[in-house]
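The values are calculated or read from the model by the stated rules, or taken from the named source; none is laboratory data. Every value quoted in this text rests on a predicted model; they were computed, and no experiment measured them. Ideal geometry is used to build each Cβ from the backbone, glycine not excepted, and the neighbour counts take in all protein chains shown. For accessibility, only protein heavy atoms count, side chains too; no ligands or nucleic acids. Shrake-Rupley method; radii C 1.70, N 1.55, O 1.52, S 1.80 Å.
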Amino acid sequence: MKALADPDRLLGEGLAAIRAQYAIPADFPPEVLAEAQRTKDRSPTEHVDWTDREFLTLDPASSTDLDQAFVIEAAGSDLILHYALADIGWFVPSGGAMEAEAWTRGLTLYLPDGKARLYPSALSEGAASLLPDGPRPAIVASVRCARDGAVNLDGMTRAVVRSRAKLAYDSVDIAAIPHFDDFAARMKRAEDARGASRVDPPEQEVERDELGGFRLSFRPWLPSETANAALSLASNIAIARALHAAGTGLFREMPAPDERAVRRLRNTARALGLVWPDNATLPQFERTVDPHTRAGAAFQFAARRAGNGAHYAPFTPGHIPWHAALGATYTHATAPMRRLADRYVLEAGLAIANGGTVPPECVAAFGRLPQVMDAADAREAAIERAVVDLAEAALLEGREGELFAAVVTDRDERGARIQLRDWPIVARVDARRVAAGDTLQVRLVEADPARRTLRFDRVA
């Protein structure tokens, strides 16, 4: 829930309460801001000059914290992606105030009414951001992509780059960018061949309606967003493979949904009126779901929540880290200004690619980061759930007493979990003698945005 059109700020109190509950910082301590001011003009003395290459950025139109810039070249039948990633480590001294603060935050947190940055804006939206207003230091990963989408890391280097244009998802002509469409198509073929089940749910948007209430709409990913995501995916897989082969690194692992989760998703699909053939696996069915429909979008959100959760893991001899949704060994390296771990993964990859030794601070970080990043992820998920709860309560406020059709998706000690048929809302109801898959009628008893709660009673 990253978009919320509420110009009158009728949900402002609810969002303020979320910020208070989860202790979301409003700004940085003075010593952190002072250090950013001291380092923001540091000259890139260890970087080669790549300013002659036609790098571009592609992001939401309003974004100014630009982690990535790219240029794609043909090399025979292969394509080579040069992926420039913000060199935040160049500006953040080891052992300094900024690094210490970043370890307490872990992530940039995005809320509908603003964000809590990982690093001060003087860096993340200024000196380190790959904006097109001048040369910037970067770590460039060069990734070779074959016709079948197989990727390998060709090299990594510190370089000064100059973005030629800040392109926006909603206005870019992706066909005009050399080799961009082809690269994305190759990555899609490779995903299909791996049986990947990556789900990119549409963005939920809550906005005021004409009667003073709220309505919910979905904004599916644009083709430009999907193509751009393929660049990060290729880089993260290629860097992960190089690190694992070198016996080091930090990896992103995710188990496949278990049988209970898949059964729950089948009931969710039924509740939403989607036909899931008995002989189709979850990845096969997901490829048939249209995120442009209300039901398809709701199912994608349910699928995203269905797994046992991704987590971080350091290199372990004899173990192959695996991300089931991607069907690959995978790391996080491509958002260094938004995720703490990426900085250290990039530094390690840079050392390995150039025949060096992984810096001791990276080795130490890989041991500590799983706990820190998993906690940051859990906090982010809780905040996202709180925002969704707020939005759902706002959507149904004033409709107390109305009846809703629902399907039971699961049961546990807390009662029956239900999926409303006509709303992308999951709730609970105290219903005895029901089983997963049963159809219910429920009455809305309470919708309280202040407490972020919905309460239903079973009618039949």
Item to check | Selected residue (criterion: nearest to SER63 (Cα to Cα)) from residues of segment 345-354 that are open to solvent by 10 Å² or more (accessible area, probe 1.4 Å) and assigned to a helix (DSSP H, G or I) | outcome: GLU347
Item to check | Only one of ALA165, ALA190, ALA175 that is farther than 19 Å from HIS292 by Cβ, loosely packed, with under 15 Cβ neighbours inside 10 Å and out of contact with any helix residue (DSSP H, G or I) (no Cβ under 7 Å at 6 or more places or on another chain) | outcome: ALA165
Checklist entry - For the subset of segment 194-243 comprising residues that are within 30 Å of THR357 (Cα to Cα) and hydroxyl-bearing (Ser, Thr, Tyr), which member is least open to solvent (accessible area, probe 1.4 Å)? => result SER235
Next on the checklist: Considering only segment 257-274, I want to know if a residue exists there that is surrounded by fewer than 21 Cβ atoms within 10 Å (Cβ to Cβ), assigned to a loop (DSSP other than H, G, I, E, B), under 19 Å from the mean Cα position of the chain (by Cα) and in contact (Cβ under 8 Å) with a residue 12 or more places away in the chain.
Outcome noted: yes
Next on the checklist: Go through (1) farther than 30 Å from SER142 by Cβ; (2) at pLDDT below 95; (3) surrounded by 12 or more Cβ atoms within 10 Å (Cβ to Cβ) for VAL32 and report which single condition fails.
Outcome noted: (2)
Next on the checklist: Among the residues that make up segment 94-108, is at least one of them part of a loop (DSSP other than H, G, I, E, B) and in contact with a Leu (Cβ under 7 Å, 6 or more places away or on another chain)?
Outcome noted: yes
Next on the checklist: For segment 47-96: of the residues being surrounded by fewer than 16 Cβ atoms within 10 Å (Cβ to Cβ) and among the hydrophobic types (A, V, I, L, M, F, W, C), which is nearest to PRO223 (Cα to Cα)?
Outcome noted: ALA61
Checklist entry - What pairs come up if the first residue lies in segment 125-138 and is of a type in the set (Lys, Arg), the second is open to solvent by less than 20 Å² (accessible area, probe 1.4 Å) and outside any loop (DSSP other than H, G, I, E, B), and their beta carbons are under 7 Å apart, counting only those six or more places apart or on different chains? => result ARG136/VAL161
Checklist outcome for this item: Scanning segment 110-136 for residues that are at pLDDT 95 or above and open to solvent by less than 10 Å² (accessible area, probe 1.4 Å) gives ALA116, LEU118, TYR119, PRO120, LEU123, SER124, ALA128, SER129, LEU130
Checklist outcome for this item: Among (1) closer than 19 Å to THR57 by Cα; (2) within 20 Å of the chain's Cα centre (by Cα), PRO220 falls short only on (1)
Checklist entry - Take the residues of segment 439-460 that are within 28 Å of ARG19 (Cα to Cα) and of a type in the set (Gly, Ala, Ser): which is least open to solvent (accessible area, probe 1.4 Å)? => result ALA447
Checklist entry - Taking segment 161-173, which residues are more than 20 Å from ILE239 (Cβ to Cβ) and at pLDDT 95 or above? => result ARG162, SER163, ARG164, ALA165, LYS166, LEU167, ALA168, TYR169, SER171, VAL172, ASP173
Next on the checklist: I want to confirm something. Restricting to segment 291-324 and keeping residues that are open to solvent by 70 Å² or more (accessible area, probe 1.4 Å) and part of a loop (DSSP other than H, G, I, E, B), which single residue is modelled with the lowest pLDDT?
Outcome noted: ASN308
Checklist entry - Quick check: anything in segment 333-353 of a type in the set (Gly, Ala, Ser) and at pLDDT below 95? => result no
Item to check | Unique match (being among the small types (Gly, Ala, Ser), touching a residue at least 12 places away in the same chain (Cβ under 8 Å), crowded, with 16+ Cβ neighbours inside 10 Å and touching a Leu at 6+ places or on another chain (Cβ under 7 Å)) among ALA416, ALA436, ALA376 | outcome: ALA376
Next on the checklist: Quick check on this structure: which one of THR39, THR104, THR57, THR51 is over 30 Å from ALA185 (Cα atoms), of a type in the set (S, T, N, Q) and touching a residue at least 60 places away in the same chain (Cβ under 8 Å)?
Outcome noted: THR39
Checklist outcome for this item: Output for Cβ contacts, cut-off 7 Å, separation at least six or different chains, first residue under 24 Å from ASN236 (Cα atoms) and free of Cβ contacts under 8 Å to residues at least 12 places away in the same chain in segment 84-99, second open to solvent by 10 Å² or more (accessible area, probe 1.4 Å) and of a type in the set (Asp, Glu), reads none
Checklist entry - Name the residues in segment 308-324 that are out of contact with any helix residue (DSSP H, G or I) (no Cβ under 7 Å at 6 or more places or on another chain) and among the small types (Gly, Ala, Ser), would you? => result GLY309, ALA310, GLY318, ALA324
Checklist entry - Given the structure, is ARG158 over 20 Å from the mean Cα position of the chain (by Cα), within 22 Å of ASN236 (Cβ to Cβ), assigned to a loop (DSSP other than H, G, I, E, B) and touching a residue at least 40 places away in the same chain (Cβ under 8 Å)? => result no
Checklist outcome for this item: Counting only helices (runs of 4 or more DSSP H) entirely within segment 4-93, those with at least 1 residues that are aromatic (Phe, Trp, Tyr) are 88-91
